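Bear in mind that the values in this text are calculations on the coordinates, not laboratory data. A quick note: this is a predicted structure, and the numbers were derived from the prediction, not measured. Methodologically, a virtual Cβ is constructed for each residue, glycine included, from the backbone with ideal geometry; neighbour enumeration extends over all protein chains shown.
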Amino acid sequence: MELLNLSATYSGQQNPRYIVPEDEKIILRYLQWNLGEVPDPEKQVIPSSQLAQTFGTERTLKAIYNHDRIVTLRPPVKRLVTEQRYERNQSLADGLKSYYEHCCQVCGQDFRPVYGVSMADTHHIHYLRDGGLDISGNIVVVCPNHHQVIHTTNSHFNRQTLIYEYPNDLHERLTLIDHFTNAPESLRQELAPEPKYES
Ligand SMILES: [Zn+2]
Ligand SMILES: [Zn+2]
């Protein structure tokens, strides 16, 4: 704020109640579309995702730079975020990634040869919060792209055909399917007893 050449000093005030009118004009220029502040979705007429389409790229870039200036002029805002998560077995997730050599079961991509690190995710087909189990039959190993796409489009997984069905009618069949097929006879004798689920 000091760098804006204002007539009063507002530093130290979390929520300045009164701003000198001539200062307000200066500040307002830097607050186009509220991009410099955490936007209030209720009050925002134009969603931020439509800024460039509504106002053009030049004004949008200006708003983005103004945001940067405002953020640079104030201390970072820290907030405590607490989250409740369903318990999941990280060893199972890691074991599945290892089995598929960190390749996406949909597209087969492995990030390791390019970036030197595994980017494989595990995704629960039937969400844990909706009653899905943390078992391999409910988990698919995916690349970050597919993981995001599956969540964003809320795509449906067809367990019979092993196909992801997207709302735009695109269908993608898993290319790697081993753990969704039945365990071979050679493995069965060593498996724990078949669980009996109460229905
Ligand atoms: Zn993928
Ligand atoms: Zn997921």
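Structure summary
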read-out	value
Percent RCO, i.e. relative contact order, over segment 90-183, from Cα pairs under 8 Å lying at least 6 residues apart	26
Loop trypsin sites (Lys or Arg not before Pro), segment 86-169 (other Cβ atoms within 10 Å of the site Cβ: 13 or fewer; DSSP)	R88, R159
DSSP-assigned coil residues among GluC sites (Glu not before Pro) in segment 57-148, each with at most 10 further Cβ atoms within 10 Å	E83, E87
Rounded to whole Hz, the Karplus (6.51, -1.76, 1.60) HN-Hα couplings of segment 62-79, x for glycine and proline	4, 4, 5, 5, 4, 4, 4, 5, 4, 5, 5, 7, 10, x, x, 8, 10, 9
Ratio Rg/Rh [Cα only; Rh per Kirkwood] for segment 89-158	0.97
Amide proton proximity set for Q105, modelled H, under 5 Å, gap of 5+	V141, V142, C143
Shape category assigned to segment 82-199 from the gyration tensor of Cα positions, a/c cut at 1.5	rounded
